[in-house]
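Enquirer: There's a structure below that I have some questions on.
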Amino acid sequence: MKVFKFGGASVKTASAVKNVKSILDGFAKEKLFVVVSAMGKTTNAMEAIVSALYDKNFDLFCELVEDRKSFHIEIMDALFEDKKNPIFEEVNTLFEDLKLMKKDRLVENYNFQYDQIVSLGEVLSSKIITAYLSTFQDDVCWRDARTFIRTNNDYRKAEVDWEKTKELMDIELNQPNCRVSITQGFVGHTEEGFTTTLGREGSDFSAGIIAYCTNAESVTIWKDVPGMLNADPKWFENTVKLDKISFREAIELAYYGASVIHPKTIKPLQNKNIPLYIKSFLAPAEPGTVIQASTENDALVPSFIFKVNQILLSICPKDFSFVVEENLSDIFKKLALSGAHINVMQNSAVSFSVCIDIDNFGLNRLIDLLKDEYDIKYNDNLELVTIRHYDQKTINRVTKGREILMEQKTRQTVRIVMRNLEEE
């Protein structure tokens, strides 16, 4: 069995859904498990619906629900000649039930309610695509990830219960007459049956979970790029496709911020040596990128990962004492409490510097937590570039016209925090 994953961009319109069908038609004799994301920007729209509900702005809530309903109906109108297809009533009922939530008492756990509502984007997408494919063939089945991917109760970032998920998937795969299974990415369920989500962009991870639990032959993630590139085209001209890299290299690139693959996706595949292909849904015949065990090609091409809007924070004890383990423990605790994501850190005898992702609210909270015991200075609006398999030429290339504020090197990776001088 092969596992395919199609993201929001690959199912955002009726023509895109038809393109998915044409790709699947190229595998007409193979057993497929297809993971789909919500259509287009539906996840963002569903998040806005949750916010409006909790703000008790019910006019906006209903308006946003109606907008998403119209968006999906428009896609279905272009897909189905038969307007009496049961999918129309099913989608209409789902949105009507969603509207009725304005009459319900809000649960205190916002993250719980978020998962129950936002996950509906994937449910809609998977149901519509299943119904469309079923008009052409009778071996397509809708599979509900809310019944076979078991997680804990940590809503919005649920952890997978691998043993129970494997057990449930063994039962799921016993259904007969089902060559093509369509299911939702990003979604799981608790022991009590409540819906959970695996974190934003978690559909890649869903594909990895399914592949691991079914001992799949391979996973293919269909993207709007020709494969995994050595840099984001919006930051770099003349990008190069990485034809073949190792699981280890892919994990490193994902950790540093490469956006093509969800960081959690690689581990279950590496554990069972299941290759991962990154291919273009715009050019499905092209070879794309394969991620597998061999490391022999990893250093052939340097890779560049940019992060913007970075904060570089310098923290010094007010009593000018050494920065030792006790200080670091305290600082890390306060970083966690403020919601900071650490990218690079460095310390000297009397200071600790850290490059972080954090919003303004979190930054103000962090400063408030630290200010009694530490002197704090920070620079904002910075860039962080990570170069894998660097040389001096590649460093010079990315630092031209910039002031370097922090630099860290290992044998294979350099990370540079810098400021664009041209913006001053």
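Enquirer: Is it the case that Asn215 is under 21 Å from Arg150 (Cα atoms), of a type outside the set (Ser, Thr, Tyr) and over 17 Å from the mean Cα position of the chain (by Cα)? It would help to see each step written out before you state the result.
Expert: Values: under 21 Å from Arg150 (Cα atoms): yes; of a type outside the set (Ser, Thr, Tyr): yes; over 17 Å from the mean Cα position of the chain (by Cα): yes.
Answer is yes for this residue.
Enquirer: Any chance region 251-260 includes a residue that's in contact with a Lys or Arg (Cβ under 7 Å, 6 or more places away or on another chain), under 23 Å from Phe33 (Cβ atoms), not in a helix (DSSP H, G or I) and not hydroxyl-bearing (Ser, Thr, Tyr)? Reasoning before the result, please.
Expert: Step one: list which residues in region 251-260 are in contact with a Lys or Arg (Cβ under 7 Å, 6 or more places away or on another chain), which gives 252-253, 257, 260.
Imposing the further condition that a residue be under 23 Å from Phe33 (Cβ atoms) reduces the set to 260.
From the residues that got through so far, the ones that are not in a helix (DSSP H, G or I) too are 260.
With the extra rule that they be not hydroxyl-bearing (Ser, Thr, Tyr), the set shrinks to 260.
Yes; the residues of region 251-260 include at least one that is in contact with a Lys or Arg (Cβ under 7 Å, 6 or more places away or on another chain), under 23 Å from Phe33 (Cβ atoms), not in a helix (DSSP H, G or I) and not hydroxyl-bearing (Ser, Thr, Tyr).
Enquirer: Suppose we keep only residues that are in a helix (DSSP H, G or I) and of a type in the set (Lys, Arg) within region 4-37. Which one would you say is farthest from Arg68 (Cα to Cα)?
Expert: From region 4-37, those in a helix (DSSP H, G or I) are 8-11, 14-25; that's our starting set.
Among the residues that remain, those that are also of a type in the set (Lys, Arg) are: 18, 21.
Numbers: Lys18: 20, Lys21: 23 Å.
Here the residue is Lys21.
Enquirer: Still on this structure, please answer the following. Might you check whether a residue that is open to solvent by 50 Å² or more (accessible area, probe 1.4 Å), farther than 30 Å from Asp25 by Cβ and touching a residue at least 24 places away in the same chain (Cβ under 8 Å) occurs anywhere in region 115-131? Talk me through it step by step, then tell me what you get.
Expert: Taking region 115-131 first, the residues open to solvent by 50 Å² or more (accessible area, probe 1.4 Å) are none.
No - not one qualifying residue is present in region 115-131.
Enquirer: Further question on the same structure: How many residues does region 387-400 hold that are open to solvent by less than 30 Å² (accessible area, probe 1.4 Å) and out of contact with any Pro (no Cβ under 7 Å at 6 or more places or on another chain)?
Expert: Residues flagged as open to solvent by less than 30 Å² (accessible area, probe 1.4 Å) and out of contact with any Pro (no Cβ under 7 Å at 6 or more places or on another chain) within region 387-400 amount to 3.
Enquirer: Within region 89-103, identify whether any single residue is modelled with pLDDT under 95 and not in a helix (DSSP H, G or I), and answer yes or no.
Expert: no
Enquirer: Does region 266-307 hold any residues that are of a type in the set (D, E, K, R) and either at pLDDT below 95 or not in a strand (DSSP E or B) (or both), and which are they?
Expert: Lys267, Lys272, Glu286, Glu296, Asp298, Lys307, listed by residue number.
Enquirer: Which condition number does Asp67 fail, the rest of (1) in contact (Cβ under 8 Å) with a residue 24 or more places away in the chain; (2) of a type outside the set (Val, Ile, Thr); (3) loosely packed, with under 15 Cβ neighbours inside 10 Å being met?
Expert: (1)
Enquirer: Here are some conditions: (1) surrounded by 15 or more Cβ atoms within 10 Å (Cβ to Cβ); (2) β-branched (Val, Ile, Thr); (3) over 21 Å from the mean Cα position of the chain (by Cα). Thr93 meets all but one. Which one does it not meet?
Expert: Going through (1) surrounded by 15 or more Cβ atoms within 10 Å (Cβ to Cβ); (2) β-branched (Val, Ile, Thr); (3) over 21 Å from the mean Cα position of the chain (by Cα) one by one, Thr93 breaks only (1).
Enquirer: Against the definition (buried (at least 16 other Cβ atoms within 10 Å of the Cβ), within 23 Å of Phe322 (Cα to Cα) and under 29 Å from the mean Cα position of the chain (by Cα)), how does Met406 come out, yes or no? Talk me through it step by step, then tell me what you get.
Expert: On the way: buried (at least 16 other Cβ atoms within 10 Å of the Cβ): yes; within 23 Å of Phe322 (Cα to Cα): yes; under 29 Å from the mean Cα position of the chain (by Cα): yes.
For Met406, the condition - buried (at least 16 other Cβ atoms within 10 Å of the Cβ), within 23 Å of Phe322 (Cα to Cα) and under 29 Å from the mean Cα position of the chain (by Cα) - is met.
Enquirer: Just to be sure I understand, how many residues within region 410-424 are open to solvent by 20 Å² or more (accessible area, probe 1.4 Å) and either assigned to a loop (DSSP other than H, G, I, E, B) or closer than 15 Å to Ile305 by Cα (or both)?
Expert: Number satisfying all stated conditions: 5.
Enquirer: Within region 191-204, identify whether any single residue is in contact (Cβ under 8 Å) with a residue 24 or more places away in the chain, out of contact with any His (no Cβ under 8 Å at 6 or more places or on another chain), part of a helix (DSSP H, G or I) and farther than 20 Å from Thr42 by Cα, and answer yes or no.
Expert: No, region 191-204 has no match at all.
Enquirer: How many residues does region 254-310 hold that are open to solvent by 60 Å² or more (accessible area, probe 1.4 Å), of a type in the set (D, E, K, R) and under 20 Å from the mean Cα position of the chain (by Cα)?
Expert: So the count comes out to 2.
Enquirer: Scan region 140-179 for residues that are open to solvent by 70 Å² or more (accessible area, probe 1.4 Å) and in a strand (DSSP E or B) and jot them down.
Expert: Trp142
Enquirer: Still on this structure, please answer the following. Among the residues of region 320-377, write down those that are surrounded by 15 or more Cβ atoms within 10 Å (Cβ to Cβ), in a loop (DSSP other than H, G, I, E, B) and among the small types (Gly, Ala, Ser).
Expert: Once the filter is applied, which keeps residues that are surrounded by 15 or more Cβ atoms within 10 Å (Cβ to Cβ), in a loop (DSSP other than H, G, I, E, B) and among the small types (Gly, Ala, Ser), region 320-377 yields Ser338, Gly339, Ala340, Ser351.
The values are calculated or read from the model by the stated rules, or taken from the named source; none is laboratory data. Keep in mind it's a predicted model, so treat the numbers as computed, not measured. When we count neighbours, we look across all protein chains shown, and the Cβ atoms used for this are built from the backbone with ideal geometry, even at glycine. Remember, those area values only see protein heavy atoms, side chains included, never the ligands or the DNA or RNA. Shrake-Rupley method; radii C 1.70, N 1.55, O 1.52, S 1.80 Å.
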